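Chemist: Questions regarding the structure given below will be posed in turn.
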Amino acid sequence: MAKKKKAKAKVKKAVKRPRAKKAAAGKGRAGGAKVKKAAAKAKAKPELALEKVGEIIHYFPHVNAAVVKVLKNSIKVGDNIYIKGHTSDFKEKIQSMQLDHVSIGEATKGQEIGLLVKSRVRIGDSVYRL
């Protein structure tokens, strides 16, 4: 047993050497880290740069229609929208829009409209204009 203890004692430990510090003018993590993090956040959440025009308040699964409460400005048939929620994330062009079972071409702020969607949406999902 004495030989094993001596063998362990002879093993050299790794020597930690101090690293050279890089200049803060955009090299390494010191200068460009904030810029890179901001760019990564913008890519991860494209809805930050878009205008939120509405919110889903109901969904009819048999006809793939959503009820949207228009919060800002107006939306028209032919506009491209982006629907983003906890599990919903898709873009589409508005093909059909209704108000009180009557087709309309434009919806203004405060109206609750029926909107034909291509995928399931959930209550609380956000609607953005592209």
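Chemist: Can you tell me which condition A38 does not meet? The list is (1) surrounded by 11 or more Cβ atoms within 10 Å (Cβ to Cβ); (2) modelled with pLDDT under 60; (3) of a type outside the set (V, I, T), and all the others hold.
Modeler: (1)
Chemist: What pairs come out if I take residues in segment 74-96 that are farther than 13 Å from V127 by Cβ and pair them with residues that are among the basic types (K, R) whose C-beta lies under 7 Å away, six or more apart or interchain?
Modeler: Close Cβ pairs satisfying both conditions: G78/K93; H86/R122; T87/R122.
Chemist: Within segment 94-127, restricting attention to residues that are of a type in the set (D, E, K, R) and farther than 14 Å from V53 by Cα, which residue is nearest to the chain's Cα centre (by Cα)? I'd like the intermediate steps shown before the answer.
Modeler: Applying the first criterion (of a type in the set (D, E, K, R)) to segment 94-127 yields 100, 106, 109, 112, 118, 120, 122, 125.
Now drop any that are not farther than 14 Å from V53 by Cα, which leaves 100, 118, 120, 122.
On the way: D100: 32, K118: 19, R120: 17, R122: 16 Å.
If we take residues in segment 94-127 being of a type in the set (D, E, K, R) and farther than 14 Å from V53 by Cα, then R122 is nearest to the chain's Cα centre (by Cα).
Chemist: Applying the selection to segment 73-96, what residues are surrounded by fewer than 12 Cβ atoms within 10 Å (Cβ to Cβ) and on the phi < 0 side of the Ramachandran plot?
Modeler: Residues satisfying the conditions are N80, H86, T87, K93, Q95.
Chemist: To continue, here is another question. Provide a single number: the residues in segment 97-119 that are in a loop (DSSP other than H, G, I, E, B) and surrounded by 14 or more Cβ atoms within 10 Å (Cβ to Cβ). Spell out the reasoning first.
Modeler: Start the filter on segment 97-119 by keeping residues that are in a loop (DSSP other than H, G, I, E, B), which leaves 100-101, 104-105, 109-111, 117-119.
This time we only want the ones that are surrounded by 14 or more Cβ atoms within 10 Å (Cβ to Cβ), so: 104, 111, 117.
Residues that pass the stated criteria total 3.
The values are calculated or read from the model by the stated rules, or taken from the named source; none is laboratory data. Keep in mind it's a predicted model, so treat the numbers as computed, not measured. Please note: Cβ atoms are built from the backbone with ideal geometry, for glycine as well, and neighbour counts cover all protein chains shown.
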